[in-house]
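Asks: Would you mind keeping the following structure in view while I ask a few things?
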Amino acid sequence: MSLVCWTNFPPLGDDRGSLVALEGEKNVPFAIQRVYYLFGTKSGVSRGFHAHKKLQQVAVCVTGKCRMVLDDGQKREEVWLDSSTKGIALPAMVWHEMHDFSPDCVLLVLASEYYDESDYIRNYEDFLRLIK
Ligand code: TYD
């Protein structure tokens with residue numbers, strides 16, 4: 001089974017333009033505690049390189065694009081986030097990395113918990129040990 005799980009967010013557009021609404025426990029599969037976004041990522045910079053013990057997240061590239069790598073310790077998959085109407089699930093215990101940010105990329109992330117550094121696994125060897 002693929003590690004990549006998309007959710008479509010159909011735009012509620014009219015002739016004025018488009019609008020997407022994200023709602024916790026509706027089109028986002030958890031109660032949203034936190035929203036953050038990455039923007040202005042410098043050329044050549046990659047981010048992420050961690051997994052979370054408990055946190056669930058959904059990421060949407062609202063403008064621009066970046067390449068997301070997902071790794072569950074068994075397999076590694078990569079996809080381009082380049083649509084403002086498609087969210088990718090970042091479940092707990094999936095290692096993720098973001099690469100090749102376009103200069104205009106705004107990556108919006110919805111999270112199920114408040115920020116908690118103790119929920120991070122930032123070392124890949126530790127991640128592999130914990131996943132076993
Ligand atoms: P970090 O999670 O390390 O970024 P990356 O996505 O590249 O792994 O976060 C960068 C910094 O921002 C770090 O000092 C922690 C801080 N931070 C918060 O304070 N709150 C948050 O919600 C997030 C995501 C990060």
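Asks: Mind checking which residues of the stretch 47-70 are touching a residue at least 60 places away in the same chain (Cβ under 8 Å) and not in a loop (DSSP other than H, G, I, E, B)?
Replies: Of everything in the stretch 47-70, those that are touching a residue at least 60 places away in the same chain (Cβ under 8 Å) and not in a loop (DSSP other than H, G, I, E, B) turn out to be Phe49, His50, Ala51, His52, Leu70.
Asks: Condition check: surrounded by 15 or more Cβ atoms within 10 Å (Cβ to Cβ) and either over 19 Å from Val28 (Cα atoms) or hydroxyl-bearing (Ser, Thr, Tyr) (or both). Does Val79 satisfy that?
Replies: So Val79 fits the description; yes.
Asks: Could I ask something else about it? Being within 22 Å of Pro29 (Cβ to Cβ) and touching a strand residue (DSSP E or B) at 6+ places or on another chain (Cβ under 6 Å) is the filter; apply it to the stretch 56-65 and report the residue that is most open to solvent (accessible area, probe 1.4 Å).
Replies: Here is the first cut: in the stretch 56-65, the ones within 22 Å of Pro29 (Cβ to Cβ) are 56-62.
When the remaining residues are screened for being touching a strand residue (DSSP E or B) at 6+ places or on another chain (Cβ under 6 Å), the result is 57-62.
Working: Gln57: 5, Val58: 5, Ala59: 1, Val60: 4, Cys61: 2, Val62: 62 Å².
By that ranking, first place goes to Val62.
Asks: Name the residues in the stretch 19-32 that are exposed (fewer than 14 other Cβ atoms within 10 Å of the Cβ) and under 20 Å from Val106 (Cα atoms), would you?
Replies: Of everything in the stretch 19-32, those that are exposed (fewer than 14 other Cβ atoms within 10 Å of the Cβ) and under 20 Å from Val106 (Cα atoms) turn out to be Leu19, Ala21, Glu23.
Asks: Right, here's the next one. Can you report the number of residues in the stretch 76-125 which are in contact with a Ser or Thr (Cβ under 9 Å, 6 or more places away or on another chain), away from the ligand (no atom under 16 Å from the Cβ) and in a loop (DSSP other than H, G, I, E, B)?
Replies: 6
The values are calculated or read from the model by the stated rules, or taken from the named source; none is laboratory data. Keep in mind it's a predicted model, so treat the numbers as computed, not measured. For neighbour counting, all protein chains shown are included, and Cβ atoms are generated from backbone atoms with ideal geometry for every residue, glycine included. Quick note on the areas: whole protein, heavy atoms, side chains included, nothing else; ligands and nucleic acids left out. Shrake-Rupley method; radii C 1.70, N 1.55, O 1.52, S 1.80 Å.
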